[in-house]
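Rule-based calculations on the coordinates, nothing more; no lab input. What you see is a predicted model, and the numbers here were worked out from it, not measured in a lab. Methodologically, a virtual Cβ is constructed for each residue, glycine included, from the backbone with ideal geometry; neighbour enumeration extends over all protein chains shown.
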Amino acid sequence: MKHPIKHIGLLTSGGDAPGMNAAIRAVACAGKHYDIAVTGIKAGYQGLINGWFTPLEDHALMHNLCRGGTLLKSSRCQAFHTSNGRRQAWENLNQAGIDALIVIGGDGSLTGAALLEEEYAIAVMGIPATIDNDIFGTDACIGYDTAINTVVDAIDKIHDTAHSHTRLFFIEVMGRDSGFIALNAGIAAGCSAILIPEHNQPIDDIIQSFTKRNLDDHPCIVIVAEGHKNGGAAELASITTQQLPDHDIRVTILGHIQRGGSPSCADRVLAGRLGIYAVEQLLSGASGMMAAVQHHQIRSLPLMETVRTKPTFQNDLFRLSNILAM
Ligand code: F6P
């Protein structure tokens, strides 16, 4: 029989996402509630390898609830991809008397957690947090709701100026491998075209769709996910300029503005639910699982399965987006 969990280590890893602080706070609150020690690990897996452990102070947890970023800081740690790095991490956990680990992050971070569990049989739970929302098995990841609202707000503003000058804008949003941000924010902001990695629209088809519109009288906003296979916003704008030289074309790359900002109510509530659930799962003896939300219910599914499965794309929504495009 496994011994009961007494001490949980907690880290945030990979690209930060608004709501990570709310998840950290939720884990700390659950720790207090169930009388379990919770130790923060700074800068993700880098801090785990370097032994950067830190207590979680109440005032910092409260102060940061409404802030984006992560009070524990984050990193993309190459060393954790190696077995030596993971061994060092495990030794540090052992030395600190930590018998379970909660990892808050995206697919790379959750893969690291799954490997650590597999290799060292330490109890781990993953909490999905990435603005890209590209994790299989959960309807939402922490940070995604805030990010799409940031994008919609930015496009609404660009729309004002695009309308005044009757311009064609290419707006690039994040999403290296997935188009959740582009698709959902693009629909909400009334974009004329939505270009995402999951669908390879050839450039000629895209340009042809512009020529069918009356670009002289109507502004046109095209949202492009950074991972779009046939080019990002700058490249598409330059090709379009060559083919439609009479049109006024501009490019905006929203970049890291999408990762910051005060988390939305939905992200804070999701973070609260997932954080508490992750602790309760560990206490009930679960390990190697990810806390997820499915049809409004919180549940868990095997970490290895989630990181090895491609997220289900919203094909139905993509079809609607073509009807909604003007
Ligand atoms: O966190 C996910 C993400 O924001 C991706 O959408 C983006 O491609 C990447 O992170 C950027 O990462 P970095 O900040 O390390 O350049």
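A few comments on the model shown:
- Output for region 211-237, where each listed residue is more than 16 Å from LEU183 (Cα to Cα) and touching a helix residue (DSSP H, G or I) at 6+ places or on another chain (Cβ under 6 Å): PRO219, ASN230
- Residues that are among the β-branched types (Val, Ile, Thr) and more than 15 Å from the ligand (Cβ to nearest atom), drawn from region 115-142: ILE122, VAL124, THR138
- Of the helices (runs of 4 or more DSSP H) lying entirely inside region 3-80, those containing at least 2 residues that are more than 22 Å from ASP99 (Cβ to Cβ), out of contact with any Asp or Glu (no Cβ under 8 Å at 6 or more places or on another chain) and more than 16 Å from the ligand (Cβ to nearest atom) span 58-64.
- Once region 251-270 is narrowed to residues that are within 16 Å of the ligand (Cβ to nearest atom) and part of a helix (DSSP H, G or I), the residue that is surrounded by the most Cβ atoms within 10 Å (Cβ to Cβ) is ASP267.
- Any hit, region 283-301, residues being in contact with a helix residue (DSSP H, G or I) (Cβ under 7 Å, 6 or more places away or on another chain) and assigned to a helix (DSSP H, G or I): no
- Residue within region 300-311 that is farther than 24 Å from HIS7 by Cα, under 18 Å from the mean Cα position of the chain (by Cα), within 16 Å of the ligand (Cβ to nearest atom) and among the β-branched types (Val, Ile, Thr) present: yes
- Matching option when the condition is within 28 Å of the chain's Cα centre (by Cα) and away from the ligand (no atom under 16 Å from the Cβ), among LYS229, LYS212, LYS157: LYS157
- For region 302-318, residues that are touching a Gly at 6+ places or on another chain (Cβ under 8 Å) and either of a type in the set (D, E, K, R) or in a strand (DSSP E or B) (or both) total 2.
- Odd one out for GLY143 among (1) in contact with a Cys (Cβ under 6 Å, 6 or more places away or on another chain); (2) on the phi > 0 side of the Ramachandran plot: (1)
- Leading residue by the ranking (farthest from GLY31 (Cα to Cα)) among those in region 94-109 that are out of contact with any Leu (no Cβ under 9 Å at 6 or more places or on another chain) and assigned to a loop (DSSP other than H, G, I, E, B): GLY106
- Test for ILE171: is it within 20 Å of GLY40 (Cβ to Cβ) and buried (at least 24 other Cβ atoms within 10 Å of the Cβ): no
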